[in-house]
Amino acid sequence: MAGRERNQTDMDKGIVIPDDWPGYPLDLFTSPEHYCEDLECVYIPHGVIMDRTERLARNIMDDLGDHDIVVLCVLKGGYQFCADLVDCIKVLCRHSNKTLPMRVDFIRLKSYLNDQSTEDLHIEGAENLSVLSGKAIVDTGKTMKTLLDHVEAFSPKMIKVAGLLVKRVPSGTGYLPDYVGFEIPNRFVVGYALDYNEYFRDLNLCLIFLCGKQFFDKQKVQ
Ligand code: HPA
Ligand code: MG
């Protein structure tokens, strides 16, 4: 099984954001007018995400540099992270004498309604898989376990998982991706391709925001 248990201490488990991290005030950054009322703070600025992604790319290069890989992007929320990670890997390849031949494939998962995880997991796409899976967010870990079972059925030589965000969820399975960007508190975040009922993916400034409660109430799907 790809990934690892949470209590390992000898590996890079990501930048840990504490429960009392207030984020940055919105007015320190530019964000789209139409979302301003619904957002609470800038949780992780885009530049920090990009710098961390660059480091994950380097770790991936160090581990996988000699393999041909298929990058499996987990849609929809993972598209921005995956695109940026692949770009970073390409830049690193250009500036080193390593090569990492890559194909990019896509799989679509949906397990969230409003801000709640549901038991229903829909998987679409990806017939020929894979070595490196890129997902933007891992919370309980249940979705990831289901996805990995699906991927393992194709008997790839190796599977590695990169997750930008891992939530500290009390009911979590303990699952940790092989490469973690940030460990965050159990709060709902949007932006950088992460949505709330399809809203906020267009925060192309790529900041991660927490939603204000009024937005949840307005947009809830019953
Ligand atoms: N935001 C967006 N999508 C998600 C989240 C989140 O916090 N957790 C799981 N899917
Ligand atoms: Mg979603």
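Values in this text are rule-based calculations from the coordinates and carry no lab data. All values reported here derive from a predicted model rather than from experimental measurement. Don't worry about glycine lacking a Cβ; one is built from the backbone with ideal geometry, like all the others, and counts go over all protein chains shown.
Could you estimate the translational diffusion coefficient of the stretch 10-109 from the Stokes-Einstein equation, with Rh from the Kirkwood formula over C-alpha pairs, at 10 °C and 1.306 mPa s, in whole µm²/s? Here the translational diffusion coefficient equals 100 µm²/s.
Descending by average beta-carbon neighbour count within 10 Å, the peptides 73-86, 36-49 line up as 73-86, 36-49, the highest first.
Cross-link check: pairs Lys90/Lys167; Lys76/Lys167; Lys98/Lys167; Lys145/Lys167 evaluated at a Cα-Cα cut-off of 25 Å; pairs beyond the cut-off: Lys90/Lys167; Lys98/Lys167. Centre-to-centre, using Cα atoms only, the stretch 50-79 and the stretch 25-43 are separated by 29 Å.
Less than 14 Å Cβ to Cβ from Asp27, Lys/Arg counted +1 and Asp/Glu -1: what total charge do the surrounding residues give? Spell out each step's value before the answer.
Working: positive: none; negative: Glu33, Glu37, Glu40.
Result for the neighbourhood of Asp27: -3.
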